[in-house]
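I have placed the structure first, in the form of structure tokens, so that the comments after it can refer back to it.
The values are calculated or read from the model by the stated rules, or taken from the named source; none is laboratory data. All values derive from a computational prediction rather than experimental measurement. No Cβ is skipped: glycine too gets one built from the backbone with ideal geometry, and neighbour counts run over all protein chains shown. Surface accessibility is based on the protein's heavy atoms, side chains included, excluding ligands, DNA and RNA. Shrake-Rupley method; radii C 1.70, N 1.55, O 1.52, S 1.80 Å.
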Amino acid sequence: MLLLNPGPVTLSARVREALRRPDLCHREPEFATLQNDIRAALLGIYGLDPATWAAVLLTGSGTAALEAMITSTVPARGRVLVIENGVYGERLSRIAAIHGIAHDRATFPWGGRIDPAQVVAGLDAGTGITHLAVVHHETTTGRLNDVASLGRLCRERGIELLVDAVSSFAGEPIDLEAWGVTACAATANKCLHGVPGAAFAIVRRVALARDEVPHRTLYLDLRAYCRAQDEGSTPFTQSVQSFYALDEALRELADEGGWQVRHATYRRLAGIVRDGAVTLGIRALLPPAESSVVLSAYDLPAGIHYPTLHDRLKAAGFVIYAGQGSLAQSIFRISTMGAIEDADMHRLVAVLEGIVRPR
Ligand SMILES: *Cc1c(COP(=O)(O)O)cnc(C)c1O
């Protein structure tokens with residue numbers, strides 16, 4: 001079975017094998033080495049300087065890292081402008097709301113472009129915005145948001161930028177320095193090709209040293225994790241096996257040639273699916289220039305409901321992903337993360353043809 005949903009992903013044999021490494025106590029020096037290696041490799045993917053940046057490791061899914069990032073960086077008197085153009089932008093607002101963090105929302109249609117003029121209006125509304133939060137790759141629709149431009153708007157105003165990079169980290173170009181990002185959050189089991197259970201935030205160290213940020217949660221406090229991890233320790237038990245898998249996945253990524261090669265692979269795989277779909281009269285929701293290479297959304301073929309499409313593809317060995325919310329009845333999504341090859345995608349297109357054009 002190949003997973004074409006946006007995480008968890010189909011594992012490589014190499015990463016799966018790493019789950020069988022020896023039992024390990026998180027208070028032993030071998031765990032400190034494992035943790036140090038992962039932290040260094042995560043910063044290394046995009047060439048970040050460890051003197052300026054910290055990779056902070058958590059046990060949990062991507063949402064845990066997002067909640068940790070927001071609660072650990074916004075001061076008591078801070079106010080966040082959250083950009084929403086899909087499910088995950090809306091989730092950032094919910095995190096702020098649940099923790100009583102003051103926020104405004106700049107909302108756009110799902111799948112729509114972020115209008116910079118509307119963002120500027122939100123930033124300059126006089127409500128005292130200190131932080132902007134945005135999703136880099138909105139997995140809801142496959143739209144890749146222009147974080148570089150938003151970063152420019154933030155820098156001009158001294159506003160800090162927080163980024164959900166959960167489904168783009170290691171698969172898309174990300175330049176935290178040039179974009180002026182304060183922190184981003186991501187997970188092991190999407191473009192990094194690890195298993196679910198390990199997540200992380202990449203944070204400017206200065207942002208973790210601010211007294212005016214209250215301690216809003218015990219378990220998701222990035223400052224406690226960072227302090228302990230800098231000393232080779234951990235505040236709580238970590239998912240050791242998930243860390244093993246992430247460590248191996250990071251080595252595999254480096255051996256393959258880094259994020260650039262992964263990006264090129266995703267682009268090629270997504271192109272095979274897109275070309276095949278178009279030939280079958282299946283329309284992509286977004287033009288390639290506006291979509292990530294990680295996931296593409298397609299209109300459901302005429303006369304075929306999602307459950308039928310899903311079940312027929314699953315019977316052929318492919319798990320696809322439904323649309324969410326208002327898109328549930330109209331689209332399906334295909335991600336090309338994980339241990340997937342060109343031949344798999346050619347076979348997918350052939351199966352799709354059998355469903356759309358039964359003979
Ligand atoms: C997958 C994803 C998340 C996190 O989802 P989890 O189920 O908590 O891992 C957050 N944001 C985006 C953009 C995602 O694609």
Worksheet item: Among the residues of segment 50-61, is there at least one that is closer than 14 Å to ALA185 by Cβ, within 15 Å of the ligand (Cβ to nearest atom), touching a residue at least 12 places away in the same chain (Cβ under 8 Å) and part of a loop (DSSP other than H, G, I, E, B)?
Response: yes
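Being on the phi < 0 side of the Ramachandran plot, at pLDDT 95 or above and open to solvent by 10 Å² or more (accessible area, probe 1.4 Å) is the requirement here; does GLU138 meet it?
Numbers: on the phi < 0 side of the Ramachandran plot: yes; at pLDDT 95 or above: yes; open to solvent by 10 Å² or more (accessible area, probe 1.4 Å): no.
No.
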Practice prompt. Report whether or not ILE98 is open to solvent by 20 Å² or more (accessible area, probe 1.4 Å), among the β-branched types (Val, Ile, Thr) and within 16 Å of the ligand (Cβ to nearest atom).
Written response: yes
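Hey, can you tell me all the residues within segment 113-168 that are of a type in the set (Gly, Ala, Ser), within 16 Å of the ligand (Cβ to nearest atom) and over 25 Å from LEU58 (Cβ atoms)?
Quick first cut of segment 113-168, residues of a type in the set (Gly, Ala, Ser) only: 117, 121-122, 125-126, 128, 133, 142, 148-149, 151, 158, 165, 167-168.
Next, only the ones that are within 16 Å of the ligand (Cβ to nearest atom) stay: 133, 142, 165, 167-168.
The answer is GLY142, and nothing else.
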Worksheet item: Could you say which residue among ALA178, ALA170, ALA148, ALA183 is outside any loop (DSSP other than H, G, I, E, B) and either within 14 Å of LEU66 (Cα to Cα) or under 12 Å from the mean Cα position of the chain (by Cα) (or both)?
Response: ALA183
Worksheet item: Condition test on HIS103, is it in contact (Cβ under 8 Å) with a residue 60 or more places away in the chain, over 22 Å from GLU290 (Cα atoms) and either among the small types (Gly, Ala, Ser) or open to solvent by 10 Å² or more (accessible area, probe 1.4 Å) (or both)?
Response: no
Discussion item. Looking at segment 327-339, can you tell me whether even one residue there is basic (Lys, Arg) and surrounded by fewer than 16 Cβ atoms within 10 Å (Cβ to Cβ)?
Written reply: no
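What residue, among those in segment 24-48 that are assigned to a loop (DSSP other than H, G, I, E, B) and touching a helix residue (DSSP H, G or I) at 6+ places or on another chain (Cβ under 8 Å), is farthest from the ligand (Cβ to nearest atom)? Spell out the reasoning first.
Going residue by residue through segment 24-48, those that are assigned to a loop (DSSP other than H, G, I, E, B) are 24-28, 46-48.
Keeping just the survivors that are touching a helix residue (DSSP H, G or I) at 6+ places or on another chain (Cβ under 8 Å) gives 24-26, 46, 48.
Values: LEU24: 24, CYS25: 27, HIS26: 22, TYR46: 18, LEU48: 21 Å.
Looking at residues that are assigned to a loop (DSSP other than H, G, I, E, B) and touching a helix residue (DSSP H, G or I) at 6+ places or on another chain (Cβ under 8 Å), I get CYS25.
Only one residue in ALA254, ALA183 is closer than 28 Å to GLY100 by Cβ and aliphatic (A, V, I, L, M). Which one?
Values: ALA254 fails: closer than 28 Å to GLY100 by Cβ.
Every option except ALA183 fails the conditions.
If a residue must be aliphatic (A, V, I, L, M) and within 20 Å of GLY151 (Cβ to Cβ), how many such residues does segment 81-95 contain? Full working, then the answer.
Residues of segment 81-95 that are aliphatic (A, V, I, L, M), as a first pass: 81-83, 87, 92, 95.
Imposing the further condition that a residue be within 20 Å of GLY151 (Cβ to Cβ) reduces the set to 81-83, 92.
Residues that pass the stated criteria total 4.
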Practice prompt. Filter segment 63-81 down to the residues that are open to solvent by 10 Å² or more (accessible area, probe 1.4 Å) and in a helix (DSSP H, G or I), then identify the one that is nearest to the ligand (Cβ to nearest atom).
Written response: THR63
